[in-house]
Amino acid sequence: MNETIQTLLTRRSIRKYKPEQIKEEELQKIVKAGTFAASGKGQQPVTIVVIQNHDLIAKLSAMNAAIMGTSSDPFYGAPTICLVLTDTKKSVNAWSDGCLVMGNLMNAAAALGIGSCWVNRAKEEFESPEGKALLKKWGLPEHLTGVGHCTLGYADCPLPAAAPRKADFVIYVK
């Protein structure tokens, strides 16, 4: 089977990571793949913020958990977070473009044997005063919208089995 198709069929969300940081060359390949996601009219309204600072990850984790109403770690101990933000003032397709970046990040990670998971609630995090303060601190416009967090790291669990695909997932009209 084609290697790309095989990666797409076998990628799974990882929810337990080893504490060791991924290699820099792996990270750079994953991030580069994210920057090559399709973009409506080529406008590229997405910004990827790569976070490997343990204290900042803990802060974002706590913010995210509070939105869920829990104290658990929604990032599952991942040592790297790629926060995907988008500029809805720049493009009407910004949200969709951000989702494509998330997909590219996760699929590139899987191709390199790196675990990943899409964690939601970035929108709510960066609508908050605390989130807007982080954007300002990073030199980014405060109006950016959070699309998601792509957790990255070496899996500390077996690869989960795929859920069965639903019977009516695809409908052909000829």
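The table below lists the values:
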{"read-out": "Around H54: net Lys/Arg minus Asp/Glu count, Cβ-Cβ under 13 Å", "value": "-2"}
{"read-out": "Integer Hz, Karplus 6.51/-1.76/1.60 couplings in order for the range 114-128, x for Gly and Pro", "value": "9, x, 8, 7, 7, 10, 7, 6, 5, 4, 5, 4, 8, 8, 7"}
{"read-out": "Estimated FRET transfer efficiency when R0 is 25 angstrom, pair K23-N2 (beta carbons, to 0.05)", "value": "0.45"}
{"read-out": "Burial ordering of L60, L27, fewest other beta-carbon atoms within 10 Å first", "value": "L27, L60"}
{"read-out": "Max mean-square fluctuation residue, GNM over the chain, Cα-Cα springs under 10 Å, options E125, E142, E25", "value": "E25"}
{"read-out": "Rg/Rh ratio calculated on Cα atoms of the chain (Kirkwood radius)", "value": "0.98"}
{"read-out": "Residue order, fewest to most beta carbons within 10 Å, for I48, I114", "value": "I48, I114"}
{"read-out": "Exposure proxy ranking, count of Cβ atoms within 10 Å, fewest first, for M106, M1, M63", "value": "M1, M63, M106"}
{"read-out": "Net lengthening on full extension, K166/V92 (0.36 nm per residue, minus Cα-Cα)", "value": "23.5 nm"}
{"read-out": "Axial C-alpha extent at least 18 Å, average Kyte-Doolittle at least -1.0 - helices from the chain (DSSP)", "value": "54-68, 94-111"}
{"read-out": "Loop chymotrypsin sites (Phe, Trp or Tyr not before Pro), the range 71-141 (other Cβ atoms within 10 Å of the site Cβ: 15 or fewer; DSSP)", "value": "W138"}
{"read-out": "5 angstrom amide H check on C117, placed H, neighbours 5+ away", "value": "I14, T151"}
{"read-out": "Pairs from K123/K166; K29/K174; K18/K41; K16/K89; K23/K59 whose Cα-Cα separation, in the structure shown, is over 31 Å", "value": "K29/K174; K18/K41; K16/K89"}
{"read-out": "Fluctuation leader among A66, A33, A161 - the chain, Gaussian network, Cα springs under 10 angstrom", "value": "A161"}
{"read-out": "Phi to ³J(HN,Hα) by Karplus 6.51 cos²θ - 1.76 cosθ + 1.60 over the range 75-83, Hz, x for Gly, Pro", "value": "9, 6, x, 5, x, 9, 10, 9, 7"}
{"read-out": "Sites A66 and L140 - FRET efficiency at Förster radius 22 Å, r taken between beta-carbons, to 0.05", "value": "0.50"}
{"read-out": "Chain lengthening between K32 and V50 when straightened (0.36 nm per residue, less Cα-Cα)", "value": "5.3 nm"}
{"read-out": "Calculated from backbone phi, Karplus (6.51, -1.76, 1.60) coupling profile of the range 40-46 in Hz, x at Gly/Pro", "value": "x, 6, x, 6, 6, x, 9"}
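Bear in mind these aren't lab numbers, they're just calculated from the coordinates by the rules spelled out. Quick caveat, the model's predicted, so the values are computed rather than measured. Quick reminder, even Gly has a Cβ in these numbers, built from the backbone with ideal geometry, and neighbours come from all protein chains shown.
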